[in-house]
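The structure under discussion appears below in the form of structure tokens.
All of the numbers you see were taken from the coordinates with simple rules; none came from a lab. What you are looking at is a predicted structure, and each value in this text was computed from that prediction instead of being measured. Cβ sites come from the backbone with ideal geometry, for glycine too, and all protein chains shown count toward neighbours.
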Amino acid sequence: MTENEIGRIVVDAAIAIHRELGPGLLETVYEAILARELMDCGLHVERQVPVPIQFRGIRFEEGFRADLIVEGKVILELKSVETVNNAHKKQLLTYLKLTGMKLGSCSISVPRS
């Protein structure tokens, strides 16, 4: 399965969850539910994955934690915010660079109202 195929499934699941639950829940709630939805679609999903980084030749075992990694190819950084801002986008770009993954999303934003 390609990154784009996984991405389409992720977007469809996120939209369905938002329609059913609405805004205002914690990111961890949306994370758990999205992970289950994606697993129900037959995808392999890992939650809160520690991702090591290299800095000046030193390996740090936990550089950051990825909210979700889908099929080992797509990284998801969930945000329960009204809008995804540039800092969120830069965070995801850094995660992609550090993992070598090609596709990620932080655009699963859930407006609080």
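In this entry, segment 52-111 is assigned a mean projected area of 4.3 nm², taken as a quarter of its C-alpha convex hull surface. Output the 0 to 90 degree angle, nearest 10, between the alpha-carbon long axis of helix 3-21 and the longest principal axis computed from the alpha carbons of the chain. Long axis of 3-21 versus the principal axis of the chain: about 40 degrees. Rounded to the nearest 10 degrees, the angle from helix 27-40 to the longest Cα principal axis of the chain is 80 degrees. For the chain, the tally of Lys pairs with Cα-Cα distances below 16 Å comes to 7, considering only residues 8 or more apart or on different chains. Of all DSSP beta bridges confined to the chain, the antiparallel ones make up roughly 75%. Among the trypsin sites (Lys or Arg not before Pro) found in segment 9-93, those both in a DSSP coil and sparsely packed, with 12 or fewer other Cβ atoms within 10 Å of their Cβ, are 56.
Given their separation in residues at 0.36 nm each and the Cα-Cα distance between them, residue 85 and residue 65 gain 5.2 nm when the chain is fully extended.
Among 75, 17, 53, which one shows the highest mean-square fluctuation when the chain is modelled as a Gaussian network with alpha-carbon springs under 10 Å? Highest fluctuation among the options: 53.
Let me know the charge dipole size of the chain about its Cα centre in debye, to the nearest 20, where only the beta-carbon of Lys, Arg (+1) and Asp, Glu (-1) is charged. Present the calculation step by step, with values, prior to reporting the outcome.
Details: 14 positive and 15 negative charges, 101 e Å.
Once rounded to the nearest 20, the dipole reads 480 debye.
Using the Cα coordinates of segment 3-105, the gyration tensor eigenvalues translate into equivalent-ellipsoid semi-axes of 24, 16, 12 Å, sorted from longest to shortest.
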